[in-house]
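Input: a single structure, listed below in structure tokens.
The values are calculated or read from the model by the stated rules, or taken from the named source; none is laboratory data. Since the model is a prediction, treat every value here as computed from it, not as a measurement. Every residue, glycine among them, receives a Cβ derived from its backbone with ideal geometry; neighbour counts consider all protein chains shown. What goes into the accessible areas is simple: the full protein's heavy atoms, side chains included, and nothing from ligands, DNA or RNA. Shrake-Rupley method; radii C 1.70, N 1.55, O 1.52, S 1.80 Å.
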Amino acid sequence: MLDLEKSRSMFVSSPGAQLAAVGQSWEVAALPYVAPRAALKIASLVIPLVRIGVQVRPDFVLSTGAGVSIAAYLAAKRLRVPFVFIESISRVGGPSLSGRILVKIPDAHCFSQYDYDGNWRRAPNLLGSFRSQRLNTSFANRPLKIFVSLGTIKPYRFDSLVDAVLRVVSDQDEVTWQTGCTTRPDLPGRVNESLPRSEMEELIAGADVVITHAGVGTLLTCLEFGKFPVMGVRAKARSEHVDDHQSQIAEFLSERRLGTVIDERFRRADLLQASQFSIEENGDVL
């Protein structure tokens, strides 16, 4: 029986804002960034993970990553400790490629926040604790304070979301961008390739509306700060991601009125409508 509270913990991730934020309360270690499905680079993480494990002497290894979870499993085998995999909450319709591989391995303990077929154990769904509510504010066409997050996944650009945003913002809006690798010369407002997590949280908390790619990290941050996210979905057909899993989490949130999805019909009025809602957390989980 694994006891999380009594186990020694270390957070391991690629360098960036998330690692810096977690490092304020956890022991952390950094690994090189690995793009999705980069098999050789994923394999190169096994030895560094084992070295970290030798120093930490963990009771078990837990991974929520995609490709990196394969390296984490191999490191756990080398360290002779149990391995736990929790599939991403974004994988509503079924597991990732890594999840499909790991669930077939008898000594990998695999959990999902949705009902999957096969040897999956059910974990509580974090999104089940949130509800939306309408604010008592005017629906007038007014200037908005907008934060736009395109994510940082490399090397995938997200020009389709930029174009959609440019259709609905006005000259009077105060817009701040986090663009990742989607560099553009035509962006109004303040433009940042990346931002420290603390600054991102401040921008999300202070915005009238947050427009974001449907990445689960940013979406959860929006919900936790009471923001009703306006979601752009990365599509494989547009070379914006390795697959279409972002459409799953976006649809899941939209069906539960925890956000709205940008499509070709999305207009200024829809943006104003989204700014009329906030999110509250009631403590329950699905």
Cβ-based net charge around C110, under 11 Å, with every Lys or Arg adding one and every Asp or Glu removing one: +2
Accessible-area ranking of H109, H245, largest first, probe 1.4 Å: H109, H245
Under 14 Å, Cβ to Cβ, from F83 - net charge with Lys/Arg +1 and Asp/Glu -1: +2
Positive-end residue, the chain charge dipole about Cα centroid, Cβ charges, pick of F83, C181, A205: F83
Convex hull per residue volume in Å³, alpha carbons only, for segment 222-286: 103 Å³
Mean separation of Cα contacts under 8 Å (6+ apart) over length of the chain, as relative contact order %: 17 percent
Ranked by how many other beta carbons lie within 10 Å on average, peptides 47-59, 95-107 from highest: 95-107, 47-59
Heavy-atom accessible surface of the chain: percent carbon and sulfur, 1.4 Å: 52 percent
Theoretical ellipticity at 222 nm over the chain - DSSP helices of four or more residues, -39500 (n - 2.57) apiece, nearest 500: -8500 deg cm²/dmol
Percentage, to the nearest whole number, of Cα pairs in segment 131-218 over 17 Å apart: 49 percent
Overall dimensions of the chain as given by Cα atoms, namely Rg and Dmax in Å: 19.7, 62
Cα pair distances exceeding 19 angstrom across segment 93-184, given as percent: 66 percent
Surface accessible to a 1.4 Å probe, per residue, for the residues of segment 125-170, Å²: 49 Å²
Length gained when the stretch D186-D163 is fully extended (0.36 nm per residue, less Cα-Cα span): 7.3 nm
Longest to shortest principal axis, alpha-carbon extents of segment 103-254, angstrom: 57, 38, 28
